Amino acid sequence: MKASKMLISTLKEAPQEAKIDSHILLLRAGLVKNQVAGVYQFLPLGVRVLQKVENIIKEEMDRAGSLEILCSALQPKELWTESGRWNKYGPELMRFKDRHEREFCLGPTHEEIFTDLVRNLVKSSKSLPLNLYQIQTKYRDELRPRFGLMRSREFIMKDAYSFDKDEAGLDQSYQLMYDTYTKIFTRLGLHFQTVLADTGNIGGNGSHQFMALSDIGESEIVYCDDCKYAADVEKATDQLIATPKEKELPLEKVETPHKRTIEEITQFLGVDSKKTAKTLIYHDYMNQKLVAVMVRGDREVNEIKLVNALNSNENYLELATDEEIRSIGSYHGFVGPVGSKVDVYVDVEVAQMSNFIVGANELNYHLKNVNYGRDFTGIVTDLKKVQAGDLCPVCGRPLKQERGIEVGQIFKLQTKYSSAMNCVYTNEEGKNVPMVMGCYGIGVSRTIQSIVEQYHDDAGICWPILVAPYHVVIVPIHYADEDQRNLADQIYETLNAQSVEVILDDRDAKPGFKFKDWELIGIPFMIVCGKRSAENIVEFKVRSTLEKKEITSDIAIQTVLDAIKNL
Ligand code: ATP
Ligand code: MG
């Protein structure tokens with residue numbers, strides 16, 4: 001490809017909305033262009049990367065025996081009503097009506113569609129197990145679209161769904177997808193960690209996420225170096241440190257003027273935050289009620305665990321307003337469980353504490369020496385967010401913490417959708433039984449940006465060669481110079497003939513300008529034809545290491561051929 005014929009739209013400065021390196025670089029390199037919040041267009045160089053990533057995913061899915069199909073993004077409401085998700089999914093679901101007032105959504109995921117297809121197409125157990133996948137555009141009206149392709153409102157996903165006769169079959173299908181995802185992310189060059197995950201909106205009872213490790217990741221992971229336990233913080237549990245119960249002291253009301261936060265209380269009363277418990281009031285819009293939630297003073301509530309305990313939805317859960325707190329006879333900053341007018345959800349750790357401090361539900365007062373069982377009761381369950389230093393639930397050693405970008409997730413759905421939607425097969429006894437399902441997603445566009453996040457430097461992107469938009473660029477210092485032009489053209493033709501993806505920068509521009517462009521875009525190799533072109537000597541630059549050396553054009557060509565030989 002001649003650079004003069006390409007749509008190169010590199011930018012000196014990143015647009016203001018871009019906050020993280022990978023987003024800045026995708027925009028500056030002209031791989032994608034922003035339209036409105038959370039909506040991006042892929043430009044020619046971006047499409048080449050996208051297609052390469054998609055091809056790797058397809059190769060591995062095909063190898064695992066999954067069959068590719070392609071479904072519409074338009075999904076009729078009826079299917080979502082059948083599965084029970086039309087109401088449950090929340091405002092992220094983009095809904096609309098057609099001219100006949102018929103309701104639709106733009107698919108955020110495709111469980112309903114695949115289940116509907118399979119219940120209509122498959123009747124005999126001979127067709128099972130079956131695994132179908134697609135690479136297709138998804139829509140989610142995210143509350144906060146941000147970080148470019150990381151969290152957009154329209155994005156590309158690979159989603160797959162497996163249908164088995166029984167649980168044992170699902171276990172095998174799930175393991176095959178787990179292994180396939182491991183191969184895909186390894187081939188893509190991502191540094192990633194596989195973690196136990198919550199099942200969220202999708203449902204079912206077993207799940208793993210694939211996390212690209214990165215400080216800018218929105219997900220928190222805890223893991224154990226000793227036994228390899230690793231989990232998303234949303235899912236993570238720990239082992240409680242066994243502390244013997246103290247002798248229960250008499251309940252006491254203490255004045256705490258204007259002391260609302262745990263920090264203020266601990267300072268004012270001179271106690272450790274571990275001797276306090278905080279009570280938060282949540283509004284559960286799904287079940288239309290207010291609830292009180294308690295965790296130890298130095299802890300945070302894990303809202304996903306709370307959603308599960310309430311059988312609610314994270315889109316329908318919010319912290320109550322001061323007014324709502326007043327409506328149940330309490331005061332912001334002084335809320336407590338004793339005499340609570342609403343259900344109290346108590347973290348297991350709190351139920352085991354002795355003589356702790358809580359709000360008194362009275363302005364400017366707290367209660368001292370509170371004990372679960374004696375002074376209040378509630379629904380005791382695991383509600384806290386696990387953090388570094390907590391004990392591994394498997395081996396009891398301290399957990400560590402890091403951040404990750406969720407690039408993929410796999411779920412055991414079991415019969416959640418097949419039962420609700422009557423997706424059945426006839427077994428040997430002639431009985432109709434629901435198929436046992438799994439579903440498996442990869443965020444294709446998010447994966448691309450995660451690669452950039454892990455592979456870049458100050459000058460730009462450093463694509464792993466497998467997914468680079470082109471393998472090599474030839475830059476003549478002065479294309480008008482005859483020796484330089486001859487050598488550049490000759491290298492270009494030789495590489496083209498060997499199916500190398502090569503660019504010849506024939507633009508009439510300063511060499512420094514050209515170098516900057518290619519470094520920003522991240523082409524893995526650069527061959528510069530300069531003063532020594534008449535001797536067939538070029539400068540060969542490696543993008544990832546910024547290493548450069550003078551070599552003959554033949555050696556340069558051979559180096560590139562060797563690098564792409566095993567792609
Ligand atoms: P998240 O927790 O980040 O919102 P999710 O768990 O809701 O994601 P899934 O339903 O598991 O997402 O979708 C499968 C994959 O699609 C995710 O692992 C992620 O890589 C990708 N994905 C999900 N939402 C988005 C989005 N808004 N923009 C880009 N990719 C996304
Ligand atoms: Mg997920």
Cross-link table 165/412; 235/384; 97/416, entries beyond 18 Å C-alpha to C-alpha: 97/416
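Would you kindly state how much longer the chain becomes between residue 143 and residue 319 on full extension, computed as 0.36 nm times their sequence separation minus their alpha carbon distance, in nm to one decimal? It would help to have the intermediate numbers written out before the result.
Values: separation 176, 0.36 × 176 = 63.36 nm, distance 1.62 nm.
That pair, residue 143 and residue 319, stretches by 61.7 nm at full extension.
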Vicinal HN-Hα couplings computed from phi for segment 411-428 (Karplus, 6.51 cos²θ - 1.76 cosθ + 1.60; Hz; Gly/Pro x): 9, 8, 7, 6, 10, 3, 8, 5, 5, 4, 10, 6, 9, 10, 10, 9, 7, 4
Can you list residues from other chains, or at least 5 along the same chain, whose modelled amide H is less than 5 Å from the amide H of residue 457? 462
Taking H as built 1.01 Å from N, whose amide H comes closer than 5 Å to the amide H of residue 473, not counting residues under 5 places away? 503, 525, 526, 527
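Can you figure out the FRET efficiency of residue 394 with residue 482, using R₀ = 56 Å and their beta-carbon distance, to the nearest 0.05? All intermediate terms of the calculation are to be shown ahead of the outcome.
Numbers: r = 70 Å, r/R0 = 1.25.
With a Förster radius of 56 Å, E is 0.20.
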Return, for the Cα atoms of segment 31-96, the radius of gyration and Dmax in Å, separated by a comma. 16.8, 42
Rough spin-label spacing in nm, given labels placed 7 Å along Cα→Cβ, for residue 264 and residue 508: 7.1 nm
What is the distance in Å between the Cα centroid of segment 105-132 and that of segment 249-296? 49 Å
Distance in nm between label sites at residue 87 and residue 550, each 7 Å beyond Cα in the beta-carbon direction? 7.8 nm
The chain: Cys lacking any partner C-beta under 4.7 angstrom: 71, 105, 423, 439, 462, 529
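Under the 0.36 nm per residue contour assumption, what length would be gained going from the current alpha-carbon distance of residue 429 and residue 567 to full extension?
Extra length available between residue 429 and residue 567 comes to 44.7 nm.
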Please name which of 14, 327, 399 has its Cα lying farthest along the dipole of the chain towards the positive end, using unit charges on Cβ (Lys, Arg +1; Asp, Glu -1) and the Cα centre as origin. 327
Taking the Cα centre as origin and putting +1 on Lys and Arg beta-carbons and -1 on Asp and Glu beta-carbons, what dipole magnitude results for the chain, to the nearest 20 debye? 440 debye
In the structure shown, of 123/183; 19/158; 278/305, the pairs separated by more than 24 angstrom at the C-alpha atoms are 123/183; 19/158
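Rolling a 1.4 angstrom probe over the protein heavy atoms, how many square angstrom per residue are accessible across segment 424-497?
Details: 2710 Å² over 74 residues.
Accessible area per residue, segment 424-497: 37 Å².
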Gap in Å between the Cα centre of segment 332-387 and the Cα centre of segment 493-567? 67 Å
Add -39500 (n - 2.57) for each DSSP H run of 4 or more in the chain, then divide by its residues: what number comes out at 222 nm, to the nearest 500 deg cm²/dmol? -8000 deg cm²/dmol
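Restricting things to Cα coordinates, could you compute the convex hull volume per residue of the chain in Å³?
On the way: hull volume 114.3 nm³, N = 567.
Output value, Cα hull per residue: 202 Å³.
How large is the Kirkwood hydrodynamic radius of segment 142-241, counting all unique pairs of alpha carbons, in Å?
Numbers: mean 1/r = 0.0635 Å⁻¹.
This gives a value of 15.8 Å.
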Gain upon complete extension [residue 68, residue 183; 0.36 nm per residue less C-alpha separation]: 39.6 nm
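The values are calculated or read from the model by the stated rules, or taken from the named source; none is laboratory data. Since the model is a prediction, treat every value here as computed from it, not as a measurement. Note that each Cβ is placed from the backbone with ideal geometry, even for glycine, and that neighbours are counted across all protein chains shown. Heads up: the accessible areas ignore ligands, DNA and RNA and are worked out on the full protein's heavy atoms, side chains in. Shrake-Rupley method; radii C 1.70, N 1.55, O 1.52, S 1.80 Å.
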